[in-house]
1. When the residues of the stretch B:84-95 are narrowed to those that are more than 7 Å from chain A (Cβ to nearest Cβ) and in contact (Cβ under 8 Å) with a residue 40 or more places away in the chain, which ends up nearest to B:Leu8 (Cα to Cα)?
2. Output the residues belonging to the stretch A:27-42 that are in contact (Cβ under 8 Å) with a residue 12 or more places away in the chain and within 14 Å of another protein chain (Cβ to nearest Cβ).
3. Is there any pair with a first residue in the stretch A:221-234 that is farther than 15 Å from A:Gly211 by Cβ and assigned to a helix (DSSP H, G or I) and a second that is among the aromatic types (Phe, Trp, Tyr) and at pLDDT 95 or above whose Cβ atoms are under 8 Å apart and which are 6 or more apart or on different chains, and what are they?
4. Kindly provide the set of residues from the stretch A:186-210 that are free of Cβ contacts under 8 Å to residues at least 60 places away in the same chain and over 16 Å from A:Ala266 (Cα atoms), ordered by number.
5. Inside the stretch B:106-121, can you point out the residues that are more than 9 Å from B:Thr86 (Cβ to Cβ) and in contact (Cβ under 8 Å) with a residue 40 or more places away in the chain?
6. Give me the residue from the stretch A:284-294 that is hydrophobic (A, V, I, L, M, F, W, C) and more than 9 Å from chain B (Cβ to nearest Cβ) and, out of that set, surrounded by the most Cβ atoms within 10 Å (Cβ to Cβ).
7. I'd like to know if the stretch B:90-108 contains one or more residues that are in contact with an Asp or Glu (Cβ under 9 Å, 6 or more places away or on another chain) and part of a loop (DSSP other than H, G, I, E, B).
8. Residues in the stretch A:242-282 that are within 9 Å of chain B (Cβ to nearest Cβ) and part of a loop (DSSP other than H, G, I, E, B): how many?
Amino acid sequence: MKDTIETRVPCAINWNRLEDVKDLEVWNRLTVNFWLPEKVPLSNDIPSWGTFTDHEKELTIRVFTGLTLLDTIQNCVGAPALMPDAITQHEEAVLTNIAFMEAVHARSYSSIFSTLCSTKEIDEAFRWADENPHLQAKAKAILDTYAPGNDPLKRKIASVFLESFLFYSGFYLPMYWSSRAKLTNTADLIRLIIRDEAVHGYYIGYKFQRGYEQLDEAGQQELKDYAFSLMFELYDIENNYTEELYDGIGLTEDVKVFLHYNANKALQNLGFEALFPPEVSEVNPAILAALSPDSENHDFFSGSGSSYVIGKAVATEDEDWDF
Amino acid sequence: MSASIPALIYFSSKSGNTERFVARLAWPAARFSIDSDAPMPKPDGPFVLICPTYADGEGRGAVPKPVIRFLNNPTNRAQIIGVIGTGNRNFGETYALAGRIIADKCKVPLLYTFELAGTETDIARVRAGLKKLGRQLCSTAA
């Protein structure tokens, strides 16, 4: 007699019957935003790269290798780990897109390397990533949470922290170079990655909130405590990682402000309040401008600036507007 | 809604960022229903609109459809006095794009922009700004 485990056949996915309209909204957003590194003319950055000191080159390669590791984790472990927890089939489909785009991101850094660096430099940086205690510590903290059998909502917390917080000690550097008109094509590519990660953090955070609202008060408190204690743990690691990378060019304090700002946004994606007060979270305006060019914060109320600017011509769907 | 001048009308999807901002702002406000068949807010005086951005990489789809339908009504449109745009700087050039589009379409000022659910600084500035607008409206009416 043999035991048979019945094979479960999933229902064919029907995108014309949605349980959660957010799934389709995010699917559309992600698929429209699809890109590949070949679309960015990275080789235009070769002259700029030639002006970098050896130390600046080493720092940049290390930062990108650290980002590669995080994208590798999201591609191979993070997004797939969320799939069995999906409430809707459409959510599972969105997660396959997220997993694949993480592979594209990880692959992009290798495109940057092959454009700018020697094989020796690349191999050294990957060895550095394997051995760096801070980078390894943040990877382990996240992977422990992703482990099979762990609470699905805790996995989502870890995933949002990776997408919306842990990347930013790395993303800072290409934004900094870009603000000084260096490696501007590389920065264009990084901005495409940042845009994707923003959708990922938003969507996974949204799914977290849907699960969180089902819990009783005690359950909610436990998860919230978990989220804040994981944030503190990761923040400690990020501080060490930041100091090790950025002390040499004197940018550590500026990067830490950027960490605070992004930690707050990660918590907001989960529906929680900010942790760091405004006075330690006001990011260098040059970095903000590198993130979103031509979109300074409007403050018509305060009377700063002579008058408001009427938006320049933008893509409006005129068929929807009657006037 | 007429108790506080100007009135506030806002859109917030189920991710709830704008809703959390408005709750902390402690200013009476009417929310667009997420259900597209539900009745629209009915302004009975000057109002400020807070609108998040849902654009793709090309800027399409920035303004939620219910907000467009609401502004297509000339009676509603006649009463809007300003817009606050929200979004995420990580979306680059499309950050707070919905606010810019509405300001442009309705010929009203883009009063302010903020990210996600806003910071304490954003709350304080918007609250002070709305009070200032309210005083201006009252003095013009008198």
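The values are calculated or read from the model by the stated rules, or taken from the named source; none is laboratory data. What you are looking at is a predicted structure, and each value in this text was computed from that prediction instead of being measured. Because the Cβ atoms are built from the backbone with ideal geometry, glycine has one as well, and the counts that use them run over all protein chains shown.
1. B:Ile84
2. Passing the criteria: A:Trp27, A:Arg29, A:Leu30, A:Thr31, A:Asn33, A:Phe34, A:Trp35, A:Leu36, A:Val40.
3. Short answer, once both residue conditions are applied: A:Phe228/A:Phe272; A:Leu230/A:Phe161; A:Met231/A:Phe161; A:Met231/A:Phe165; A:Leu234/A:Phe161; A:Leu234/A:Phe165.
4. A:Ile190
5. B:Leu111
6. Filtering the stretch A:284-294 for residues that are hydrophobic (A, V, I, L, M, F, W, C) and more than 9 Å from chain B (Cβ to nearest Cβ), the one surrounded by the most Cβ atoms within 10 Å (Cβ to Cβ) comes out as A:Ala290.
7. So far as the stretch B:90-108 goes, yes, one or more of its residues are in contact with an Asp or Glu (Cβ under 9 Å, 6 or more places away or on another chain) and part of a loop (DSSP other than H, G, I, E, B).
8. 6
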